[in-house]
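Peer 1: I'd like to ask some things about the structure below.
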Amino acid sequence: MNSRKPKPPQLVEKKAIRVQVNDREYTGNVDVRKTLVDFIREDLALTGTHVGCEHGVCGACTIILNGRAVRSCLMFAVQADGLEIKTVEGLGTPEHLHPIQEAFRDHHGLQCGFCTPGFLMTALAFLSETPDPSKDQIREVLAGNLCRCTGYQGIVDAVEDAATRLKTGTR
């Protein structure tokens, strides 16, 4: 009599996807239950997008998906098939920061940096739709991103300054 137990059936279903991430194409097979944030961090090794609450509340996982800011912890990777993704790694380089990154640096809009990628991506999407925002509009759009280190004033000032930099092309 054979005492070996039969192997359980494989429970991981995979699906082929194709996505454009920071202007580079990626194709591969992904677990249909894998969240988009985990796909970005684990499969693409783009660890700038952070995992915070995993419930869409904190904003740390915010990315740009087809031009809109979305919480990548609330989506499955397979839902992004055929879409364009921009992560914080696609903003600028250490040598050539994006104007939003420069404004955050200049206005001390960060401390520990954990929430910063989400704020940057939220600001990027917001400023592309609202190039001349009021402070109240900035505060309203940033209300969905949580920071436990700063008093938010530097972040609001940074987004306001970034709007000016983007309009005028100054750095």
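The values are calculated or read from the model by the stated rules, or taken from the named source; none is laboratory data. Keep in mind that what you see is a predicted model, and the values were worked out from it rather than measured. Cβ: placed from backbone, ideal geometry, glycine included. Neighbour counts: every protein chain shown.
Peer 1: Does any residue of region 35-42 turn out to be part of a loop (DSSP other than H, G, I, E, B) and crowded, with 21+ Cβ neighbours inside 10 Å?
Peer 2: no
Peer 1: Pick from A125, A103: which is at pLDDT 95 or above and either more than 24 Å from R24 (Cβ to Cβ) or not aliphatic (A, V, I, L, M) (or both)? Show your work before the answer.
Peer 2: Numbers: A125 fails: either more than 24 Å from R24 (Cβ to Cβ) or not aliphatic (A, V, I, L, M) (or both).
Only one candidate passes the filter, namely A103.
Conditions tested, residue by residue: (1) over 26 Å from V141 (Cα atoms); (2) without any contact (Cβ under 8 Å) to a residue 60 or more places away in the chain; (3) within 11 Å of the chain's Cα centre (by Cα).
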{"residue": "V19", "(1), (2), (3)": "yes, no, no"}
{"residue": "T27", "(1), (2), (3)": "yes, yes, no"}
{"residue": "V30", "(1), (2), (3)": "yes, yes, no"}
{"residue": "R33", "(1), (2), (3)": "yes, yes, no"}
{"residue": "I40", "(1), (2), (3)": "no, yes, yes"}
{"residue": "G56", "(1), (2), (3)": "no, yes, no"}
{"residue": "I64", "(1), (2), (3)": "no, no, yes"}
{"residue": "R68", "(1), (2), (3)": "no, yes, yes"}
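Peer 1: Out of region 120-159, which residues are of a type in the set (D, E, K, R) and either within 15 Å of H98 (Cβ to Cβ) or surrounded by fewer than 17 Cβ atoms within 10 Å (Cβ to Cβ) (or both)?
Peer 2: Going residue by residue through region 120-159, those that are of a type in the set (D, E, K, R) are 129, 132, 135-136, 139-140, 148, 157.
The answer is E129, D132, K135, D136, R139, E140, R148.
Peer 1: I would also like to ask the following. Restricting attention to strands (runs of 3 or more DSSP E) lying wholly within region 44-138, give those where 2 or more residues are under 24 Å from R171 (Cα atoms).
Peer 2: 62-65
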